[in-house]
1. For segment 145-173, what are the residues that are surrounded by 15 or more Cβ atoms within 10 Å (Cβ to Cβ), assigned to a loop (DSSP other than H, G, I, E, B) and among the aliphatic types (A, V, I, L, M)?
2. Inside segment 118-144, can you point out the residues that are assigned to a loop (DSSP other than H, G, I, E, B) and touching a residue at least 24 places away in the same chain (Cβ under 8 Å)?
3. Which ones in segment 97-116 are modelled with pLDDT under 90 and charged (D, E, K, R)?
4. State whether one or more residues within segment 149-163 are of a type in the set (Asp, Glu), out of contact with any strand residue (DSSP E or B) (no Cβ under 7 Å at 6 or more places or on another chain) and farther than 30 Å from ARG105 by Cα.
5. Given the options LEU176, LEU203, name the one that is over 26 Å from LEU108 (Cα atoms), assigned by TED's automatic domain parsing to the domain that holds LYS138, crowded, with 18+ Cβ neighbours inside 10 Å and among the aliphatic types (A, V, I, L, M).
Amino acid sequence: MEKDFEYKEVETGLSAERALDVAATLANLVPLIGGPVASVIGGISGGRKEQRILEVVQGVSDDLSDFKSQVAEEYVKTEDFEELLENTLRRVAQERSAEKRRLYRSILTTAIKHPGGDYDEQLRFLRTLDELEPDHIKILRALRQGPESDLGMMGSPIQTLRKRIPEMTEAKIEQLVNGLNDRRITSMTSLRTMMTAHGAADLQHAVTPYGRGFLSYVEGA
């Protein structure tokens with residue numbers, strides 16, 4: 001059974017004066033989303049948390065530097081986007097991993113560049129990312145790769161993944177794949193089955209339709 005997600009509240013307490021300073025900075029960084037961000041930033045406390053938010057918002061600004069869209073400008077004023085923004089930035093404030101913060105940034109950028117997406121699906125993607133480690137994303141990327149050349153005669157999926165992610169042990173790979181299976185992001189029945197080398201290297205089918213949609217969204221594809 002799929003696990004129910006829980007929203008984790010973040011402590012508040014940023015002073016009104018500091019909130020105005022940060023909001024002004026954000027509005028200058030990202031005119032397109034400065035207003036909605038300003039309404040969120042007052043609920044985030046702590047210098048390090050502020051820096052994480054500024055880092056992500058600056059990244060979104062960079063992503064949108066050459067992007068112009070009247071539809072997007074209207075979308076960022078909607079309640080759906082403001083809620084997505086708030087949910088994302090509250091997670092960013094708590095997230096220590098720079099790689100995961102980059103993926104949260106990508107969720108916001110993708111939402112703005114492709115307005116009109118289903119809000120419930122966006123929220124599910126966000127909650128899924130909340131539960132994953134950066135190493136889970138490495139597994140997904142490795143599974144999405146096409147078969148290499150000069151494969152030999154025989155192989156297994158675990159051998160393929162070890163070759164593509166040499167810094168991971170087989171035990172770690174199995175643990176991560178099991179976690180992805182549990183969340184219905186992948187559907188791998190066995191990592192150690194011996195098969196033709198090409199079959200062992202062609203693992204794209206192991207990523208479920210939801211997993212493909214999730215990875216595309218968080219990578220901005």
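The values are calculated or read from the model by the stated rules, or taken from the named source; none is laboratory data. What you see is a predicted model, and the numbers here were worked out from it, not measured in a lab. Positions of Cβ are backbone-derived with ideal geometry, glycine not excepted, and every protein chain shown enters the neighbour counts.
1. If the condition is that a residue be surrounded by 15 or more Cβ atoms within 10 Å (Cβ to Cβ), assigned to a loop (DSSP other than H, G, I, E, B) and among the aliphatic types (A, V, I, L, M), then LEU151, ILE165, MET168 are the ones that fit.
2. Correct list: LEU132, GLU133.
3. LYS113, the sole residue that qualifies.
4. Taking every residue of segment 149-163 in turn, at least one turns out to be of a type in the set (Asp, Glu), out of contact with any strand residue (DSSP E or B) (no Cβ under 7 Å at 6 or more places or on another chain) and farther than 30 Å from ARG105 by Cα.
5. Numbers: LEU176 fails: over 26 Å from LEU108 (Cα atoms).
When all the criteria are applied, what remains is LEU203.
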